[in-house]
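Participant: Below you will find the structure I want to go over with you.
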Amino acid sequence: MRYIALTIIIESLSEEKREILTAVLDYLNFEGVTELEQQVIAYIPASQFNKSELVESLKNNDILQLVTIETEEVIEEKNWNEVWEKNFEPVVIDDICAIRAPFHPEFKQCEYVITIEPKMSFGTGHHATTSLIVSAMLKMDFSSKKVLDMGCGTGILGILALKLGAEEVYGIDTDSWAYENALENSSRNHVNMNIILGGEESIPKIQFDIILANINRNILLQQKQSYFNHLKVNGTLVLSGILVEDTNTIIEAFTEQGFSNTGTQAMGSWQMLEFIRL
């Protein structure tokens, strides 16, 4: 599969506008975003790239005049790792968890270190949505818990859950790249994570203690019944991939489903929500 690597110069953008740009790219189905100091590099399958739609969305969000779409480079599958090696920097969250690639130095000062080879999958820890959930997980008790990671991407959340003491973890993703990548990353981190290629219909018929879902607003709303059905009473549900402006919509929908909101945390334009099942 061929991908477009789109370079956007963002040196004139405020922090707020950068967050909106990231949200626009996510909405338009870009499958990965690398944020650097003065530019953003966004990746999307060549068959799905619609420049006119991108330009219109940037215009509607008052961003178009503040950025420059500099290059559109076609990336072949075989070159993807090389692209990541040039752009993927390690991430440290709360001085406790480090997320690194194999070519980065070790982080011996961190209690938990996750090594990933991202390839075409979401979840490098750079995006606020991933960082928010990781930060929440570091404060939770995973000992002997059964955990579901919906939309597992690179497998970071599931891998961390196992490192935090989870008894059993299932990771599910609809994307074949994510499936293969999560399998590789599970092995690379010496944990036994069950990876499934599929959607909510693939959730095992067991009750989970904790469900993690870092996806997007629409899919979260579509799958709320499945989360309720597969979570134990008093079990914990952690959601991210939510824009701050959609917080009330998500809370209301999940409250009606039978959850109680127990915590919120924002980072820029992104929101993380915690619930328990009543």
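The values are calculated or read from the model by the stated rules, or taken from the named source; none is laboratory data. Since the structure is predicted, the reported quantities are computational estimates derived from the model, not experimental observations. Cβ coordinates were reconstructed from backbone atoms using ideal geometry, including for glycine residues, and neighbour counts include every protein chain displayed.
Participant: Going through Ile211, Ile133, Ile159, Ile172 one at a time, which residue ends up being within 16 Å of the chain's Cα centre (by Cα) and under 16 Å from Arg100 (Cα atoms)?
Facilitator: Testing whether each residue is within 16 Å of the chain's Cα centre (by Cα) and under 16 Å from Arg100 (Cα atoms) leaves just Ile159.
Participant: Among the residues in the range 190-202, are any free of Cβ contacts under 8 Å to residues at least 12 places away in the same chain and surrounded by fewer than 24 Cβ atoms within 10 Å (Cβ to Cβ)?
Facilitator: Filtering the range 190-202 for residues free of Cβ contacts under 8 Å to residues at least 12 places away in the same chain gives 190, 201.
Checking the rest, the ones that are also surrounded by fewer than 24 Cβ atoms within 10 Å (Cβ to Cβ) come to 190, 201.
For the range 190-202, residues free of Cβ contacts under 8 Å to residues at least 12 places away in the same chain and surrounded by fewer than 24 Cβ atoms within 10 Å (Cβ to Cβ): present.
Participant: I would also like to ask the following. Can you work out which of the residues in the range 1-16 that are within 14 Å of Thr68 (Cβ to Cβ) and touching a residue at least 40 places away in the same chain (Cβ under 8 Å) is surrounded by the fewest Cβ atoms within 10 Å (Cβ to Cβ)?
Facilitator: Restricting to residues being within 14 Å of Thr68 (Cβ to Cβ) and touching a residue at least 40 places away in the same chain (Cβ under 8 Å), the top hit is Ser12.
Participant: In this structure, does Glu31 turn out to be farther than 17 Å from Trp270 by Cβ and in contact (Cβ under 8 Å) with a residue 40 or more places away in the chain?
Facilitator: Yes; evaluated as a whole, the condition is true for this residue.
Participant: So, one more: Taking Ser57 as the residue in question, decide whether it is in a loop (DSSP other than H, G, I, E, B) and outside the structural domain of Glu117 (by TED's automatic domain parsing).
Facilitator: No, not satisfied.
Participant: OK, next. Determine whether the range 36-49 contains at least one residue that is closer than 15 Å to His127 by Cβ, crowded, with 16+ Cβ neighbours inside 10 Å and of a type in the set (Ser, Thr, Tyr). First the steps, then the outcome.
Facilitator: Taking the range 36-49 and keeping what is closer than 15 Å to His127 by Cβ, we get 36, 40-43.
Next cut, crowded, with 16+ Cβ neighbours inside 10 Å only: 40-43.
If we keep only those that are of a type in the set (Ser, Thr, Tyr) too, we end up with 43.
Checked the range 36-49: at least one residue is closer than 15 Å to His127 by Cβ, crowded, with 16+ Cβ neighbours inside 10 Å and of a type in the set (Ser, Thr, Tyr).
Participant: Let me ask another. Taking the condition of a type outside the set (S, T, N, Q) and assigned to a strand (DSSP E or B), does Ile172 pass?
Facilitator: yes
Participant: Also, I was wondering about something else. Quick check on the range 223-277: of everything there that is of a type in the set (Ser, Thr, Tyr) and outside any strand (DSSP E or B), which residue is surrounded by the most Cβ atoms within 10 Å (Cβ to Cβ)? Walk me through it before giving the result.
Facilitator: Just the residues of the range 223-277 that are of a type in the set (Ser, Thr, Tyr), to begin with: 226-227, 236, 240, 247, 249, 255, 260, 262, 264, 269.
Add one more test, that the residue is outside any strand (DSSP E or B), and what stays is 226-227, 247, 249, 255, 269.
Details: Ser226: 17, Tyr227: 25, Thr247: 17, Thr249: 14, Thr255: 13, Ser269: 19.
Only one residue tops the list, namely Tyr227.
Participant: Ok, one more. Could you figure out which of (1) touching a strand residue (DSSP E or B) at 6+ places or on another chain (Cβ under 9 Å); (2) farther than 19 Å from Glu16 by Cα isn't true of Glu252?
Facilitator: Single failed check for Glu252: (1).
Participant: Just name the residue that is nearest to Met193 (Cα to Cα) out of those in the range 138-169 that are of a type in the set (Gly, Ala, Ser) and in a loop (DSSP other than H, G, I, E, B).
Facilitator: Gly155
Participant: Also: Out of Leu221, Leu239, report the one residue that is under 19 Å from the mean Cα position of the chain (by Cα), assigned by TED's automatic domain parsing to the domain that holds Thr264 and more than 28 Å from Thr115 (Cα to Cα).
Facilitator: Of Leu221, Leu239, the one residue that is under 19 Å from the mean Cα position of the chain (by Cα), assigned by TED's automatic domain parsing to the domain that holds Thr264 and more than 28 Å from Thr115 (Cα to Cα) is Leu221.
Participant: Let me ask something else about it. Would you mention how many residues in the range 149-172 are under 15 Å from Ser131 (Cα atoms) and hydroxyl-bearing (Ser, Thr, Tyr)?
Facilitator: Matching residues across the range 149-172 total 1.
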